[in-house]
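Single-structure report; data block below.
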């Protein structure tokens, strides 16, 4: 079966068994995907406050109690093993990328699952709005902007955005479609003129892969959950664990169940 048509549970099983290690854009289509951040309990409140103050890039889907690894939004799942790739940071510096964090997960580890724009890609494609990274088999392009998020305690970050190129007419349709998906970043935050938000070379994303921008197309930018990673790193915790960009946790929630009608 095409991975696009897998259930969320099927995908998580493939990941847990080491059979799927790639990025998750376009996989298990129709299920809500999530960014993931793990931090020590002592930092959890201020990080949650940061997310609440910046709901556009960091919409909270689930927060697990310290030491708990089975989320409410995915029956039988394990956040220690069910993401295709994790990034391990020590004192704010990337140490390694791994496929299992069970040995690093402790009794005081708090896991946050935050909405991801991969969750509205199916709706865009159904309306014949292009999703170029899926067309080209790539990870989505992500950029750090010059916009400051609202800080909380010691947590701070610039806004990170994901970009999808399309014609101006398609961009209008994309606004109409994605506004409904408020828990997965909602409508775009900017379109065209990338230099206005501090992006000067679209061919060099900070995360993910560059994609083709065709004649007559403009870049359309959505708030991105990688913002939460930058925030988590801002305090230089002895240990922080996040999803690797594009390698998301896939929940049992359905995109359409989370949309506003």
Item to check | Potential lengthening between residue 195 and residue 5 on full extension [0.36 nm per residue; Cα-Cα distance subtracted] | outcome: 64.6 nm
Next on the checklist: Can you give me the angle between helix 168-178 and the longest principal axis of the chain, using Cα atoms only, in degrees from 0 to 90, rounded to the nearest 10?
Outcome noted: 40
Next on the checklist: Along the Cα→Cβ direction, 7 angstrom out, place labels at residue 73 and residue 49. What is the inter-label distance in nm?
Outcome noted: 2.3
Item to check | Most to least packed among 240-251, 68-79, 203-214 [average Cβ atoms within 10 Å] | outcome: 240-251, 68-79, 203-214
Checklist outcome for this item: With only helices counted (DSSP H, runs n ≥ 4, each -39500 (n - 2.57)), the per-residue ellipticity at 222 nm for the chain, to the nearest 500, works out to -6000 deg cm²/dmol
Checklist entry - What shape does the stretch 148-261 have by the C-alpha gyration tensor, where a ≥ b ≥ c are the square roots of the eigenvalues, rounded means a/c under 1.5, and otherwise prolate means a/b greater than b/c and oblate the rest? => result oblate
Checklist entry - Which of the peptides 21-33, 185-197 is most tightly packed, and how do the rest follow, going by the mean number of other Cβ atoms within 10 Å of each residue? => result 21-33, 185-197
Item to check | q = 0.11 Å⁻¹, the chain: log10 I(q)/I(0) [Debye, one scatterer per Cα] | outcome: -0.54
Item to check | Estimated inter-spin distance, residue 156 and residue 128, nm [label 7 Å along Cα→Cβ] | outcome: 4.8
Checklist entry - How much FRET efficiency would the formula 1/(1 + (r/R0)^6) give for residue 108 and residue 17, where r is the Cβ-Cβ distance and R0 is 45 Å, rounded to 0.05? => result 0.95
Next on the checklist: Can you compute the modelled spin-label distance between residue 254 and residue 135, with each label point 7 Å from Cα toward Cβ, in nm?
Outcome noted: 2.9
Checklist entry - Hey, what angle do you get for helix 41-53 against the long axis of the chain, alpha-carbon based, 0 to 90 degrees rounded to 10? => result 20
Item to check | Neighbour-count ranking [beta-carbon atoms within 10 angstrom, fewest first] of 64, 83 | outcome: 64, 83
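Quick note: the coordinates plus some simple rules give every number you see, no bench work behind them. It should be emphasised that the depicted structure is a prediction, and the values quoted were computed from it without experimental measurement. Positions of Cβ are generated from backbone atoms using ideal geometry, with glycine treated the same way; all protein chains shown enter the neighbour counts.
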